[in-house]
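Just below is one structure, and these are the notes that go with it.
The values are calculated or read from the model by the stated rules, or taken from the named source; none is laboratory data. All values derive from a computational prediction rather than experimental measurement. Counting neighbours? That spans all protein chains shown, and the Cβs are built from the backbone with ideal geometry, glycine included.
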Amino acid sequence: MKTLLRPSVFVCISIILGASVAAAHHAVQAQFDVNDVQTFTGTMTEVELINPHPYFHLDVETPGGEVVNWSIESVALNALRRMGLLKQLQVGLDYTVEYNPARNGERVGLMTAITLPNGNRLLMRSQE
Amino acid sequence: MTRPFSLAGGAAIALLAVYISHVPTTQAQDTPRMGDGRPDFSGYWIPPNRINRIFDESGDVVLNLGGRDNDIGNFEKDSAVLQRAHTNKPLYKPEHWPTIQDLDWNGLLDDPVFICKPAGVPRMGPPGKIVQTPTELIFMYEGTQSPYRVIPTDGREHHPLQIADTSWLGYSIGHWEGDTLVIETVGFNDESWLGWTGYIHSWDMTVTERMRREGDTLHWEATVHDTMLLEPWTLNPVRRVVNSDPEAFFFGPIPCEERDAEGIVDQNVRG
């Protein structure tokens with residue numbers, strides 16, 4: 001399945017999006033500022049492959065040199081599974097994450113894109 | 001904004017054709033039948049719009065979420081608005097209106113689906129896989145709990161213990177009306193919701209599902225009968241198509257742990 005993300009290979013994605021359940025669960029606007037997109041690069045410290053949404057935890061170094069841990073929520077696990085992505089999301093590797101920040105100010109975000117160690121990006125929005 | 005399809009040349013179109021061969025088709029086709037002449041519902045069933053794929057020759061992957069600008073935030077917002085805009089709503093007796101309105105407005109964290117409990121029947125919709133024999137059908141659903149339902153069609157009645165039980169999925173018995181499979185389900189709890197806008201029900205609820213197969217298309221609708229309602233409520237019909245991928249399978253069940261509740265800053269905001 002890793003070939004799915006190799007350069008020059010066209011990718012076929014199939015996902016199930018049960019719109020009613022997705023919207024029912026998420027209430028993303030109640031939790032995240034969907035109008036704000038921020039970015040960090042960090043090292044994966046924990047992967048939680050759970051429903052309703054997986055969580056990825058990453059250590060990120062601040063401009064002041066402090067290392068802080070961020071929690072990033074992603075699209076439903078089955079969407080990642082259908083792309084064969086799970087084994088590319090590993091503890092100890094570095095990732096660049098784009099996210100909508102939590103409205104409560106905590107170090108939590110909703111993933112809108114992630115750059116994998118091989119340089120490919122997974123985007124949950126249109127490309128620029 | 002770059003449209004990924006603009007990157008695709010002739011080779012891409014050729015590859016796309018290969019992939020489309022795995023996309024479920026809805027073309028006219030005879031309805032498969034069992035040995036007894038009944039329609040055969042067996043197979044994997046998926047939403048007609050399930051295949052959402054974007055191709056990118058650089059190796060990037062774009063999850064096509066279907067929202068404006070394919071933005072995950074817009075997808076959630078739009079889904080909520082579209083569902084609210086539906087005119088087909090259950091009509092509750094007046095004494096229940098304050099409760100329904102309060103749950104709709106303040107009950108985000110009371111919605112069973114939000115807190116990892118089952119969606120239940122009928123909210124879970126049509127099954128993802130059906131196995132049919134002359135005397136019963138097995139409905140399987142892909143998801144957190146990977147639930148299944150056994151639906152006898154051998155003429156039996158509901159067992160008294162089923163009627164007395166309170167369960168998320170209820171207990172189903174099917175019968176045929178011509179080529180339509182009619183499923184009567186009883187024995188519900190009063191914890192599941194019919195929809196995310198506070199649509200509760202009592203444990204007196206019964207659900208009648210009607211399913212037809214036309215070629216490779218499955219038509220499903222469900223009607224809720226409940227003493228809380230002024231009249232039976234029929235959900236918007238749902239269509240499924242055969243997954244023509246011969247390698248189709250279900251991914252395994254997933255543990256569910258709700259983590260978002262503690263981060264909600266405004267329970268009145270949905271979508």
### Message
Checking the condition over 30 Å from B:N106 (Cβ atoms), in a loop (DSSP other than H, G, I, E, B) and touching a residue at least 24 places away in the same chain (Cβ under 8 Å), which residue from A:V91, A:V47, A:V34 passes?
### Response
A:V91
### Query
Which numbered condition trips up B:D111, out of (1) under 19 Å from the mean Cα position of the chain (by Cα); (2) surrounded by fewer than 20 Cβ atoms within 10 Å (Cβ to Cβ); (3) within 12 Å of another protein chain (Cβ to nearest Cβ)?
(2)
### Task
Could you please find all residues in the range B:140-173 being within 14 Å of B:P118 (Cβ to Cβ) and aromatic (F, W, Y)?
B:Y141, B:Y148, B:W168
### Query
Of the residues A:E98, A:E106, A:E66, which single one is under 24 Å from B:D69 (Cβ atoms) and acidic (D, E)?
A:E98
### Residues being over 19 Å from the mean Cα position of the chain (by Cα) and among the polar types (S, T, N, Q) - total across the range B:149-179
3
### Message
Against the definition (within 14 Å of chain A (Cβ to nearest Cβ), at pLDDT 95 or above and part of a loop (DSSP other than H, G, I, E, B)), how does B:G120 come out, yes or no?
### Response
yes
#### Entry: When residues of the range A:50-87 are limited to those that are exposed (fewer than 15 other Cβ atoms within 10 Å of the Cβ) and part of a loop (DSSP other than H, G, I, E, B), the one nearest to the other protein chains (Cβ to nearest Cβ)
A:G84
### Task
Please work out which residue is farthest from A:V75 (Cα to Cα), limiting yourself to the range B:72-100 and to residues that are outside any loop (DSSP other than H, G, I, E, B) and of a type in the set (D, E, K, R).
B:E95
